[in-house]
Structure formats: C-alpha cells, structure tokens
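The values are calculated or read from the model by the stated rules, or taken from the named source; none is laboratory data. Note that the coordinates shown come from a computational prediction; the quantities given were computed from them, not determined experimentally. Cβ sites come from the backbone with ideal geometry, for glycine too, and all protein chains shown count toward neighbours.
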Amino acid sequence: MEVHHPHGHGGPKKLKEHLAEFFMLFFAVFLGFMSEAYLEYRTDRHKEHDYLTSLVADLKADTAEMKQKQNAMFEMMGAGNVIVKLVYKQKLNEKDIDTIYMNSIVAVTRTVPVNFALGTIDQLKSAGGYRLIRDHHLVDLITDYEKGQAAMKTQENAMMERWASLHHIQNKILHLNTFSATGKFGEVIYDKKILNQIAAQTGNKFLTNDKNVFFEYANYVNVAKGYVAFYQIMAKIQNEKAIKLIQAIQEAH
C-alpha cells in the first residue's frame, strides 16, 4: 500500500511565508522604535523651546536689573567724588558739613550688586538641559554669559568688603545717629537738628578733627569707587552679552 504525504494545508510552511512573517515582525519592531524615537525627539524639542523661552525672560529681567543698578552705581561714585573733594578742602563751612553727611550715607546705602535671574541657567546645568540645545553657538553664548555672572559675583564680594571698610571708617568720623530709615527700602534721611544738638554739647559736628583720619576716609572712598567703577564696566559688558543672546535665541527659534 502506498502512503501519500499531504503537501497542502497543515504541511511545512514555505520559505517565503517565513520571510514574510520575519519582515512583518521586523517592521513592527522598527516602526515601534521609530515612533518612540520620534516621541522622544518631540519631547526634547518642547523642552528645548521651554528652556530657551524661559531663558529669554530671565535675560530681559537681567537687563532691567542691570539698568537699575547702573543708576545706583553712578549715585555711589558721584557721592564719593563729592566727599573726596570736600575732605581735602582746607576749611569746611556748614553747607560742606551737611554735604559730607548726606553724601556719606549715599555712598554706603546704594544697592549696587546685580541680582541675576539664575533659575533657567541653574536648571540647564543641574538637569543636563544643555544637551537639548542643538545650536552649539547658543550653548557657547549661554556658557559665556554664565561665566560673566560668576566673574561679577567675585567682583561683588571684593566690592562689598570695601563697602564694609568704608562704613567702618565712617564710624570714626560721623555721628551716625543723625541718620534714620524712612521705612522705604534703601532710603535714609539726614536729620540736621540732631547734629546741631550734638554740636551744642560737644562743640564739634564730627567725632574727630584729625585731618589724617579724614584723608584716610578719602582713601577708602576712592578705593570703593574704583571697585564699583570696575563692576560697572563688567555690568555693561554683561548687558551687551544678554542682548546678543536674546537676539540669537529669537533668530534661531
């Protein structure tokens, strides 16, 4: 008896059927991979856009802050110029004394340091956000701006040390109880009546008549002015960097 092996339904699959199944599986996996990669790409682009939008807002806040602090720097240095000029005057009149007092308080009460908006740059550093920015030129500009912030912070610390020294020498010359706060941030008023009362009791409107102490005061004022002047130059350069970075971001996106 002959035995016939069926070659129809239920028999071994042909090679082309195996290949078809393989390619179908391959394309399914490939499309899944591509879909996941595309979603990750779109997510990264959204994050990049959000970072750069937030950075532009920070930079605009920085430029406004630097403009405001530039005014404070001018006021501080202007007050210093007046003090130095009067200190070297041979004889002081009543107006000169009042002017020294008023400008002395300006020299130590103007808020000069720039408070940068650091939120976005801190996020870029801590969350690895720099890798999301495709434009390497933008990364270079942001990194350079960050370095400028660090340099200004170093100068600020040195400047504040000189401010403390300036305040210390004032304690040897001025009756500081003639000054009082108004309740408004950074605003101090000079009360000449109190100074006149002190002068009536002591015979002097200053704590000392030693000209060498006054000359020392002028030296401290000049040093403080120098640090502020350099800080002002740094702020101008940093402001230019901020404007350039804003333009670069807007042009790229």
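Hey, can you tell me all the residues within region 193-227 that are assigned to a helix (DSSP H, G or I) and either exposed (fewer than 11 other Cβ atoms within 10 Å of the Cβ) or more than 38 Å from the chain's Cα centre (by Cα) (or both)?
Initially, region 193-227 is screened for residues assigned to a helix (DSSP H, G or I), giving 193-202, 211-227.
Of everything in region 193-227, those that are assigned to a helix (DSSP H, G or I) and either exposed (fewer than 11 other Cβ atoms within 10 Å of the Cβ) or more than 38 Å from the chain's Cα centre (by Cα) (or both) turn out to be K193, I194, L195, N196, Q197, I198, A199, A200, Q201, T202, K211, N212.
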(request) Sort out which residues of region 143-185 are under 24 Å from the mean Cα position of the chain (by Cα), assigned to a helix (DSSP H, G or I) and farther than 17 Å from Q232 by Cβ, and write them in order of number. (result) T143, D144, Y145, E146, K147, A150, E161, A164
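Out of all the residues in region 79-96, which are without any contact (Cβ under 8 Å) to a residue 12 or more places away in the chain and not polar (S, T, N, Q)? Explain how you work it out, then say what you get.
To start, the set of residues in region 79-96 that are without any contact (Cβ under 8 Å) to a residue 12 or more places away in the chain comprises 85, 89-96.
K85, K89, K91, L92, E94, K95, D96 - these are the residues of region 79-96 that are without any contact (Cβ under 8 Å) to a residue 12 or more places away in the chain and not polar (S, T, N, Q).
Would you check which residues across region 207-229 are of a type outside the set (K, R) and touching a residue at least 60 places away in the same chain (Cβ under 8 Å) and list them?
Keep residues of region 207-229 that are of a type outside the set (K, R), which gives 207-210, 212-224, 226-229.
Hits for region 207-229 are F214, F215, Y217, A218, V221, N222, V223, A224, Y227, V228, A229.
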(request) Kindly indicate whether K91 is under 30 Å from K211 (Cβ atoms), at pLDDT below 95 and more than 22 Å from the chain's Cα centre (by Cα). (result) yes
(request) Could you please find all residues in region 173-190 being touching a residue at least 12 places away in the same chain (Cβ under 8 Å) and of a type in the set (G, A, S)? (result) G186
(request) Can you tell me which residue within region 45-71, out of those that are of a type in the set (G, A, S) and surrounded by 15 or more Cβ atoms within 10 Å (Cβ to Cβ), is farthest from I133 (Cα to Cα)? (result) A61
(request) Would you check if I97 is modelled with pLDDT of 95 or more and either crowded, with 17+ Cβ neighbours inside 10 Å or more than 16 Å from the chain's Cα centre (by Cα) (or both)? (result) yes
(message) Would you confirm, using the coordinates I've provided, whether A218 is closer than 25 Å to Q70 by Cβ and among the aliphatic types (A, V, I, L, M)?
(response) yes
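Being of a type in the set (S, T, Y) and either at positive phi or outside any helix (DSSP H, G or I) (or both) is the filter here, so list the residues in region 74-129 that pass it.
First, pick out the residues of region 74-129 that are of a type in the set (S, T, Y): 88, 99, 101, 104, 109, 111, 120, 126.
If the condition is that a residue be of a type in the set (S, T, Y) and either at positive phi or outside any helix (DSSP H, G or I) (or both), then Y88, T111 are the ones that fit.
Name the single residue, out of those in region 105-141 being free of Cβ contacts under 8 Å to residues at least 40 places away in the same chain and closer than 22 Å to E156 by Cα, that is nearest to the chain's Cα centre (by Cα). Let's see the steps before the verdict.
Initially, region 105-141 is screened for residues free of Cβ contacts under 8 Å to residues at least 40 places away in the same chain, giving 106, 122, 125-128, 130-131, 136, 139-140.
Pick out the ones that are also closer than 22 Å to E156 by Cα and you get 106, 122.
Working: V106: 23, D122: 12 Å.
Looking at the filtered set, the residue picked out is D122.
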(request) Show the residue pairs that are 6+ apart or on different chains and have beta-carbon atoms under 9 Å apart, the first residue being within region 230-249 and over 20 Å from M160 (Cβ atoms), the second being surrounded by 19 or more Cβ atoms within 10 Å (Cβ to Cβ) and among the aromatic types (F, W, Y). (result) K241/Y145; A242/Y145; K244/Y145; L245/Y145
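Answer yes or no as to whether D144 is out of contact with any Lys or Arg (no Cβ under 6 Å at 6 or more places or on another chain) and either surrounded by 13 or more Cβ atoms within 10 Å (Cβ to Cβ) or in contact (Cβ under 8 Å) with a residue 40 or more places away in the chain (or both).
Values: out of contact with any Lys or Arg (no Cβ under 6 Å at 6 or more places or on another chain): yes; either surrounded by 13 or more Cβ atoms within 10 Å (Cβ to Cβ) or in contact (Cβ under 8 Å) with a residue 40 or more places away in the chain (or both): yes.
Yes: the conditions hold for D144.
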